[in-house]
1. Looking at the structure I just gave you, is M88 part of a helix (DSSP H, G or I), at pLDDT below 90 and more than 12 Å from the chain's Cα centre (by Cα)?
2. Between L162, L146, which is under 16 Å from the mean Cα position of the chain (by Cα) and buried (at least 17 other Cβ atoms within 10 Å of the Cβ)?
3. V122: part of a helix (DSSP H, G or I), at pLDDT 85 or above, surrounded by 17 or more Cβ atoms within 10 Å (Cβ to Cβ) and of a type outside the set (D, E), yes or no?
4. Determine whether M79 is closer than 21 Å to Y26 by Cβ, modelled with pLDDT of 90 or more and assigned to a helix (DSSP H, G or I).
5. Residue under question is V140, and the condition is that it be farther than 28 Å from R3 by Cα and in a loop (DSSP other than H, G, I, E, B); does it hold?
6. Between a first residue in segment 93-106 that is in a loop (DSSP other than H, G, I, E, B) and a second residue that is of a type in the set (A, V, I, L, M) and crowded, with 23+ Cβ neighbours inside 10 Å, which pairs have beta carbons less than 6 Å apart while being 6 or more apart in sequence or on different chains?
7. Within segment 197-228, count every residue that is modelled with pLDDT under 95, in contact with a strand residue (DSSP E or B) (Cβ under 8 Å, 6 or more places away or on another chain) and in a loop (DSSP other than H, G, I, E, B).
8. Which condition from (1) outside any helix (DSSP H, G or I); (2) of a type in the set (F, W, Y); (3) out of contact with any Ser or Thr (no Cβ under 9 Å at 6 or more places or on another chain) is the one that Y231 breaks?
Amino acid sequence: MKRVLIAEDEAVIRDFIVINLKRNGYEVVEAENGRVAIEKYDECNGDFDIALLDIMMPEVDGLEVCKYLRQKSSTIGIMMLTAKSQEMDKVTGLLVGADDYVIKPFSPSELMARIDAIYRRVSLNKDVEEKNKKTSDIMVSGEFTLNMRTRSLLKNDVPVELTQVEFQIMEYFMSNPGVSLSRLDILRYVWGDDYYGDEKVVDVNMRRLRLKVEDDSSNPEHIATVWGLGYKWVP
């Protein structure tokens, strides 16, 4: 069963989202604020495919919930619900582990397309994870070792904590060393052909990934910017 945790303090918006989720075959657990969302996540032992989190909520805001969920799980898909005026919060949400965001007001078709895209990616990652349990595929690039079976990254034998999105980016990079990859290439590989968002999500994830893999993220040696195009991996 496709299971979603939704945290939204405005009951009218929450009800609207819940109706559309249920119509599209999702099981829904509701929370009226961030504190309740965390409690329900823990009560269900993290058994969720996706979390929809409003940024502005009482008691505990959506960004704090996002950080908490991401610390608990690298596989859950996280979507932030934002207002047009919350540009900085959208970027911050991606930096603390969100996969995507949708801007209010949104249409049912846009919302469900974005949620379905995240669910497909989450499901694919789970399938790959199960498949890789039976293999021992290892990718090595310089001081980095990517383990496809355990879905983990080592830098000089030291573990680097990655989200599933970050792992997929690293897999794409290490499969194409020295190749200039456009933002659109990366977007399609990681988020899928039917992703509705803009390419900014790629840049934000690169910024976050550089903080994890580079010795000095302001002077990256491995994730190089290809001006006017995108990025390339330098072993």
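1. Criteria met by M88.
2. Result: L162 is the single residue among L162, L146 that is under 16 Å from the mean Cα position of the chain (by Cα) and buried (at least 17 other Cβ atoms within 10 Å of the Cβ).
3. The answer is no for V122.
4. Judged against the criteria, M79 is not a match.
5. Details: farther than 28 Å from R3 by Cα: yes; in a loop (DSSP other than H, G, I, E, B): no.
No: the conditions fail for V140.
6. Note: pairs meeting the criteria are A98/I78; A98/M80; D99/I78; D99/I118; D99/V165.
7. 1
8. Failing condition for Y231: (3).
The values are calculated or read from the model by the stated rules, or taken from the named source; none is laboratory data. This is a predicted model, so every value here is computed, not measured. Methodologically, a virtual Cβ is constructed for each residue, glycine included, from the backbone with ideal geometry; neighbour enumeration extends over all protein chains shown.
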